[in-house]
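Chemist: I'd like to ask you about the structure that follows.
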Amino acid sequence: MCPTGERFVHGTGGIFSAGRLICHCLLIESHDGLVLVDTGIGLDAIQAPDKLLGAPFLLMTRPRLDPEETARRQIERLGYNVDDVRHIVLTHLDLDHAGGIADFPRAAVHVFESEHEAAMAPSSPFESHRYQQAMWAHGPNWVRHTVQGERWQGFEAVQTIGSDILLVPLHGHSRGHCGVAVQTEKGWLLHAGDAYFAHGEVHGPTRQTSLGLDLFQRLTEVDSKARLANQDRLRDLARDAAPSVQIICSHDHTEFEACRSAATTA
Ligand SMILES: [Zn+2]
């Protein structure tokens, strides 16, 4: 996504040049097939952006609507078949995270129960915009999760596919927003979704953000107190658990580039 006003969005750069926000998804080879964490914007939305993404989102974020950037096309380029993706685990159901679920019609779609409830029955005009009902009109195989007393690194957690991929409730941005913790060969990777937007909000002794991203998060939150408290907890985790826990969010391009270069040099 390329919103106008790089300096407003990132705190540096030109006033009129474009910022850069990623839809960071993970593809995991699990014991039960491929698992996709978040799906970004899908092919349907690229074909009918006005209908599926809506004018406010298009105007504000100016997404680059290139089919080759969708999760589906990238996975196919890796040599996989679309049905190799057996599970999708979603941080939440906002249109830029759940937009690609129809591209994997046979996958089980794991989501936190309260997020599913919020998306199926939006309670405000803003929720009606963020949750695009057409994105699940194909009738996905939902797997809805609730917490059952399990813990991970001091957080509540829920197992999704075995004990290696967990939903970690981080509510505030949306009603049932979660992080997704993934056990890797190098330790845990926590995909924190939209629990924070700028690397400096969580990685560093104090919260550092930009005017634009701070404002955007305030405009899209459902619970400010919970959202900021969760950023505090993530900052503690980033400080105390590194390097055995790596934390990333959905939209920060510096984190995306760091992951990509680590992957290509591994
Ligand atoms: Zn988002």
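The values are calculated or read from the model by the stated rules, or taken from the named source; none is laboratory data. Here the structure is a predicted model, which is why all the values come from computation and not from measurement. Every residue, glycine among them, receives a Cβ derived from its backbone with ideal geometry; neighbour counts consider all protein chains shown.
A quick yes/no check of all residues on (1) of a type outside the set (Ser, Thr, Tyr); (2) modelled with pLDDT of 95 or more; (3) within 20 Å of THR160 (Cβ to Cβ); (4) touching a Ser or Thr at 6+ places or on another chain (Cβ under 7 Å):
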site: PRO67; (1), (2), (3), (4): yes, yes, no, no
site: ALA71; (1), (2), (3), (4): yes, yes, yes, yes
site: GLU76; (1), (2), (3), (4): yes, yes, no, no
site: ASN81; (1), (2), (3), (4): yes, yes, no, no
site: PRO105; (1), (2), (3), (4): yes, yes, yes, no
site: VAL111; (1), (2), (3), (4): yes, yes, yes, no
site: GLU115; (1), (2), (3), (4): yes, yes, yes, yes
site: GLU127; (1), (2), (3), (4): yes, yes, no, no
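Chemist: Examine segment 130-151 for a residue that is free of Cβ contacts under 8 Å to residues at least 12 places away in the same chain and either at positive phi or touching a Pro at 6+ places or on another chain (Cβ under 8 Å) (or both), and state whether such a residue exists.
Modeler: Yes, some residue in segment 130-151 is free of Cβ contacts under 8 Å to residues at least 12 places away in the same chain and either at positive phi or touching a Pro at 6+ places or on another chain (Cβ under 8 Å) (or both).
Chemist: Condition test on GLY14, is it of a type outside the set (Ser, Thr, Tyr), within 16 Å of the ligand (Cβ to nearest atom), surrounded by fewer than 19 Cβ atoms within 10 Å (Cβ to Cβ) and over 19 Å from SER250 (Cα atoms)?
Modeler: When the stated conditions are applied, GLY14 does not pass them.
Chemist: Sticking with this one: So, in segment 186-219, of the ones that are β-branched (Val, Ile, Thr) and touching a Lys or Arg at 6+ places or on another chain (Cβ under 9 Å), which residue ends up modelled with the lowest pLDDT?
Modeler: Keep residues of segment 186-219 that are β-branched (Val, Ile, Thr), which gives 202, 206, 209.
Of the ones still in play, those that are also touching a Lys or Arg at 6+ places or on another chain (Cβ under 9 Å) are 202, 206.
Working: VAL202: 97, THR206: 93.
Only one residue tops the list, namely THR206.
Chemist: May I pose another question? Got a number for residues in segment 191-213 being under 14 Å from the mean Cα position of the chain (by Cα) and part of a loop (DSSP other than H, G, I, E, B)?
Modeler: 7
Chemist: Within segment 227-236, is even one residue crowded, with 16+ Cβ neighbours inside 10 Å and assigned to a loop (DSSP other than H, G, I, E, B)?
Modeler: No, there is no match, as no residue in segment 227-236 is crowded, with 16+ Cβ neighbours inside 10 Å and assigned to a loop (DSSP other than H, G, I, E, B).
Chemist: Of the residues in segment 163-221, how many are within 16 Å of the ligand (Cβ to nearest atom) and of a type in the set (Lys, Arg)?
Modeler: Adding up the residues that qualify gives 2.
Chemist: When you scan segment 23-33, do you find a residue that is polar (S, T, N, Q), within 14 Å of the ligand (Cβ to nearest atom) and touching a residue at least 60 places away in the same chain (Cβ under 8 Å), even just one?
Modeler: Looking for residues that are polar (S, T, N, Q), within 14 Å of the ligand (Cβ to nearest atom) and touching a residue at least 60 places away in the same chain (Cβ under 8 Å), one finds none in segment 23-33, hence no.
Chemist: Within the bounds of segment 162-173, is there any residue that is in contact with an Asp or Glu (Cβ under 6 Å, 6 or more places away or on another chain), part of a helix (DSSP H, G or I) and more than 22 Å from GLU29 (Cβ to Cβ)?
Modeler: No, segment 162-173 contains no residue that is in contact with an Asp or Glu (Cβ under 6 Å, 6 or more places away or on another chain), part of a helix (DSSP H, G or I) and more than 22 Å from GLU29 (Cβ to Cβ).
Chemist: Within segment 176-190, is even one residue in contact with a Cys (Cβ under 7 Å, 6 or more places away or on another chain), closer than 19 Å to SER114 by Cβ and not in a helix (DSSP H, G or I)? Before the answer, list the steps.
Modeler: Looking only at segment 176-190, we keep the residues that are in contact with a Cys (Cβ under 7 Å, 6 or more places away or on another chain), and these are none.
No, segment 176-190 contains no residue that is in contact with a Cys (Cβ under 7 Å, 6 or more places away or on another chain), closer than 19 Å to SER114 by Cβ and not in a helix (DSSP H, G or I).
Chemist: Could you list, in sequence order, all residues of segment 44-57 that are buried (at least 16 other Cβ atoms within 10 Å of the Cβ) and not small (Gly, Ala, Ser)?
Modeler: The answer is ASP44, ILE46, PRO49, LEU52, LEU53, PHE57.
Chemist: Show the residue pairs meeting these rules: Cβ distance below 6 Å; 6+ apart or different chains; first residue within segment 226-253 and touching a residue at least 12 places away in the same chain (Cβ under 8 Å); second residue of a type in the set (Asp, Glu).
Modeler: Listed pairs, sorted by first residue: ARG227/GLU221; GLN231/GLU201; ILE248/GLU255; SER250/ASP194.
Chemist: Follow-up. So, GLU156, is that one in contact (Cβ under 8 Å) with a residue 12 or more places away in the chain, acidic (Asp, Glu), touching a Pro at 6+ places or on another chain (Cβ under 9 Å) and surrounded by 15 or more Cβ atoms within 10 Å (Cβ to Cβ) or not? Even if it seems obvious, please write down each step before you answer.
Modeler: Details: in contact (Cβ under 8 Å) with a residue 12 or more places away in the chain: yes; acidic (Asp, Glu): yes; touching a Pro at 6+ places or on another chain (Cβ under 9 Å): yes; surrounded by 15 or more Cβ atoms within 10 Å (Cβ to Cβ): yes.
Criteria met by GLU156.
Chemist: If I ask for residues that are in contact with a Ser or Thr (Cβ under 7 Å, 6 or more places away or on another chain), within 21 Å of ARG64 (Cβ to Cβ), in a loop (DSSP other than H, G, I, E, B) and small (Gly, Ala, Ser), which ones from segment 1-43 would you list?
Modeler: GLY40, GLY42
Chemist: Residues in segment 237-266 that are within 15 Å of LEU190 (Cα to Cα), surrounded by fewer than 15 Cβ atoms within 10 Å (Cβ to Cβ) and of a type in the set (S, T, N, Q): how many?
Modeler: Result for segment 237-266: 1.
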